[in-house]
Amino acid sequence: EAIAWCSAFSLISVLIVTGNLLTIGLFAIFKKVRKQFFFLVINMACADLLIGAVSLPIYIYKPRTSISDAIFSVVCLQASITFAALISCERLYATCWPLKYRTLSGRTYAMAIISAWTVVLLSSTILSVLRVFVSKLAYFSFWVTYTFTLTFIICACTVGIWKTFQVHRRISSIRRNKALQSQRLTKTLMFISLLALLSWIPIIVMNTLEAINVSVNKNVYHLAVLLNVSNCFINPVVYVLRIPEFRKAFGFLWCGRKSEIRNMNVNGGISNRASILIPAAQLNSITNDLEVLDTKL
């Protein structure tokens, strides 16, 4: 059993690190991906990356302890669900007040991100103090309350967005295309938040039972932890499959250069000829226009 669980957690750790490094790399390399509403996604990817690179190796080394025992692990886990809740709030604001949302500046996003990390560090400090100096019951009570509050925010935002979509289902044809794109992005990010919600429910139940001194089978607890951290790997897959900017950037990074070289080798003569003829055709058009103008004068 130990070998099986260590293998499973090692595999998911590698997948988490690879997927989130790819997400952060696409954001850093391609300019079209660097949009304001992706700032929260990248911060969440950074938190997920730390979970795969730090928290899971600690858990593999000490499987009998809680994954949230180490201080650094506490920060990583709290950051992941905090940014999931923040993404839900941002999407709710974008859906309910689209005009005000368009006026948001990068400074507003920066302040929101700084505030989120401040809350994460503050809550992690409180959890660590309760764990070391107070009691295990106080630790789990605060942890469950904090995490349950964030999951409730995600649920409330999801319900609010769903109701808004039902009310504003009919939109003008002029704004239809842009509105559909915004709705697709909102649905994708809400899907990510819901995945985070579903992945956190089992671990919340396990820690609640542990807080009230109810014995939990170790395999059941390991399974809850595995479901919880698997969300960190699923997120990059959803980014690539559902968000056009990430999908195009990933496609270019994966096979763009090869296809570009292939097209250049196959159509090189045609492209060069076209590049010569197009300026000539433009010059003839300009000349004809000048002749018509001279005749009118």
Here, A138 and R34, labelled 7 Å along Cα→Cβ, have an inter-label distance in nm of 4.6
Per-residue HN-Hα couplings for segment 93-99 [Karplus 6.51, -1.76, 1.60; θ = phi - 60°; Hz; x = Gly/Pro]: 5, 5, 7, 7, 10, x, 5
Each residue of segment 14-30 in turn: what ³J(HN,Hα) in whole Hz from Karplus with 6.51, -1.76, 1.60 and θ = phi - 60°, glycine and Pro shown as x? 5, 5, 5, 5, 5, x, 6, 5, 5, 4, 5, x, 4, 5, 7, 8, 9
Among 111-124, 143-156, how do they line up by average Cβ neighbours within 10 Å per residue, starting with the highest? 143-156, 111-124
Could you do me a favour and compute the accessible area per residue for segment 57-160, 1.4 Å probe, result in Å²? 51
How large is ³J(HN,Hα) for each residue in segment 106-113, as worked out from phi by the Karplus curve 6.51 cos²θ - 1.76 cosθ + 1.60 (θ = phi - 60°), to whole Hz, x for Gly and Pro? x, 5, 5, 5, 4, 5, 5, 5
Quick check for you: with a 1.4 Å probe and neighbouring chains kept, what is the accessible area per residue of segment 1-40, in Å²? 56
Quick one: with all protein chains in place, what share of the accessible area of segment 31-131 is carbon or sulfur, to the nearest percent (1.4 Å probe)? 71
Using a probe of 1.4 angstrom, how much of the accessible area of segment 194-250 is carbon and sulfur, in percent? 73
When each of K32/K100; K100/K163; K62/K218 is checked by Cα-Cα distance, pairs over 21 Å: K32/K100
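The values are calculated or read from the model by the stated rules, or taken from the named source; none is laboratory data. Not measured: the values here are computed from a predicted model. Glycine also receives a Cβ, built like all others from the backbone with ideal geometry; neighbour counts cover every protein chain displayed. Side chains included, ligands, DNA and RNA excluded: accessible areas come from the protein's heavy atoms. Shrake-Rupley method; radii C 1.70, N 1.55, O 1.52, S 1.80 Å.
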